């Protein structure tokens with residue numbers, strides 16, 4: 001507690017000064033923030049394999065407050081700080097309490113023309129240059145696991161599909177009255193990773209990520225964009241011999257039009273990437289040399305059609321991504337399967353103290369599994385979770401057709417959505433034969449309150465997501481993996497703002513696939529055969545009370561586990577009671 005006293009004094013001093021300034025000018029300082037109370041109790045379920053080495057039940061919880069302080073010291077200038085106070089349940093008189101500065105940022109407008117931001121930034125550019133793809137197995141959930149998703153995305157700074165990076169960003173625009181209507185410019189430079197010590201004499205260098213873009217509104221219906229980014233390391237800031245260079249260039253043209261009763265938005269985009277390592281030991285010419293170079297291009301055409309007189313819309317497109325296309329800003333995954341972060345709930349099980357395989361519930365409950373740093377190489381993934389596009393639309397070595405549609409009935413009783421695609425590898429991995437991929441996802445919601453003219457909300461939603469991966473040819477290298485994900489969710493308002501909810505989510509994966517093992521430089525080392533035959537499930541029921549759109553309380557009881565039809569992998573089954581009170585203002 002004595003070590004925390006200086007932080008508390010600074011915090012209270014800043015708070016008092018802010019309140020004093022607030023009394024003088026209401027527009028100088030203002031506050032908002034978030035608060036959360038969380039409690040969970042986990043228990044062992046029935047299992048065929050005895051487990052007398054684990055506690056029968058475990059519980060944890062905490063209270064936290066994130067206070068956002070906004071200070072406007074001058075016109076068009078804002079300084080933002082987020083201060084966190086966190087106290088674990090069971091900590092009294094300051095024990096178990098921590099105080100941290102979670103975010104800092106200054107932003108403003110120069111001469112009413114140039115906007116800038118310094119500090120913690122949330123950046124997004126395009127799906128092939130800078131983009132944060134959604135986490136695995138999150139599509140189609142609706143509101144079933146909102147409390148869990150809110151926590152893991154908030155704790156990992158996932159704001160939409162943006163990456164939270166620390167650095168400097170600026171943008172401005174110009175308007176014209178001929179030929180080109182507007183020109184928009186933006187640029188940024190960030191440092192995703194500082195220099196780190198590997199040994200007493202070996203340090204990896206700073207990693208920087210910068211880029212910019214120009215967007216031109218040529219006329220009312222036509223828009224053109226050029227984006228450029230570069231993920232690179234600074235050799236002088238470390239003592240290793242290799243440093244990364246990964247520039248990516250992307251251009252696009254989109255045009256809106258009308259065909260009969262349809263509005264059409266057509267976009268064509270393409271780009272080029274290069275990734276290499278700068279070898280800092282001098283060659284015979286006395287200059288640094290390049291090594292491990294990878295180059296690639298991508299191309300995408302997409303048409304989006306929407307009926308002018310209804311909510312129905314669909315899209316269709318073609319995409320090609322070279323095997324050598326690398327974009328650290330777009331291919332970095334949220335889920336870090338290559339890290340050493342342990343599972344949050346019963347990481348070991350059975351009397352043999354086996355390491356428990358990752359389950360769907362871990363993706364909800366273990367927010368520490370997720371990644372906040374850009375990666376210069378392709379990260380590991382689990383084919384049973386996602387195998388068709390594990391790195392989002394920028395997944396390399398893919399070409400094929402994608403499509404989707406969504407809409408609702410005239411009285412909004414039914415809402416539906418469909419997404420899918422069929423792809424093929426551009427080149428074979430390990431053998432000449434190519435993998436074939438198929439994916440489709442169907443979402444259907446029945447709004448019972450509208451159908452039955454109820455005064456209170458009631459709905460039932462069902463989502464089904466299926467993936468198939470095949471490769472014929474030599475029997476020893478054949479691939480046949482099928483994965484399906486079923487999710488059903490019922491939501492009934494029993495009193496004003498009080499909802500009873502129930503859901504089931506089940507993952508099935510059967511077949512064989514080969515995991516790619518890569519070197520530290522991203523080069524393929526070998527392939528490891530993995531056979532899948534598992535069923536993973538989550539059953540939950542609970543109550544949700546919405547004080548407002550930003551304030552809610554949720555009590556949820558879940559049963560979850562996985563079954564393996566493999567020797568040496570015992571099934572497991574657990575229970576959890578969870579309570580969350582969340583406030584965002």
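Of note:
- Looking across region 472-488 at every residue that is assigned to a strand (DSSP E or B) and in contact (Cβ under 8 Å) with a residue 40 or more places away in the chain, the one that is surrounded by the fewest Cβ atoms within 10 Å (Cβ to Cβ) is identified as 479.
- Set 188, 203: member being surrounded by fewer than 18 Cβ atoms within 10 Å (Cβ to Cβ) and touching a strand residue (DSSP E or B) at 6+ places or on another chain (Cβ under 8 Å): 203
- Residue among 250, 255, 326 that alone is touching a strand residue (DSSP E or B) at 6+ places or on another chain (Cβ under 9 Å), crowded, with 16+ Cβ neighbours inside 10 Å, in a strand (DSSP E or B) and at pLDDT 85 or above: 250
- Residue in region 506-520 that is touching a residue at least 24 places away in the same chain (Cβ under 8 Å), surrounded by 17 or more Cβ atoms within 10 Å (Cβ to Cβ) and within 21 Å of residue 365 (Cα to Cα) present: yes
- Hits in region 489-501 (condition: surrounded by fewer than 16 Cβ atoms within 10 Å (Cβ to Cβ) and touching a strand residue (DSSP E or B) at 6+ places or on another chain (Cβ under 7 Å)): 494, 497, 498, 500
- For residue 506, the test of being part of a strand (DSSP E or B), touching a strand residue (DSSP E or B) at 6+ places or on another chain (Cβ under 8 Å) and more than 18 Å from residue 388 (Cα to Cα) is passed.
- Boolean, residue 126 is under 27 Å from residue 183 (Cβ atoms), touching a strand residue (DSSP E or B) at 6+ places or on another chain (Cβ under 6 Å), buried (at least 16 other Cβ atoms within 10 Å of the Cβ) and without any contact (Cβ under 8 Å) to a residue 60 or more places away in the chain: no
- Test for residue 286: is it modelled with pLDDT under 95, surrounded by fewer than 17 Cβ atoms within 10 Å (Cβ to Cβ) and over 23 Å from the mean Cα position of the chain (by Cα): yes
- For the condition surrounded by fewer than 17 Cβ atoms within 10 Å (Cβ to Cβ) and touching a residue at least 60 places away in the same chain (Cβ under 8 Å), residue 405 qualifies.
- Considering region 231-244, the residues that are within 24 Å of residue 272 (Cβ to Cβ) and crowded, with 19+ Cβ neighbours inside 10 Å include one that is modelled with the lowest pLDDT, namely 242.
The values are calculated or read from the model by the stated rules, or taken from the named source; none is laboratory data. A quick note: this is a predicted structure, and the numbers were derived from the prediction, not measured. Cβ: placed from backbone, ideal geometry, glycine included. Neighbour counts: every protein chain shown.
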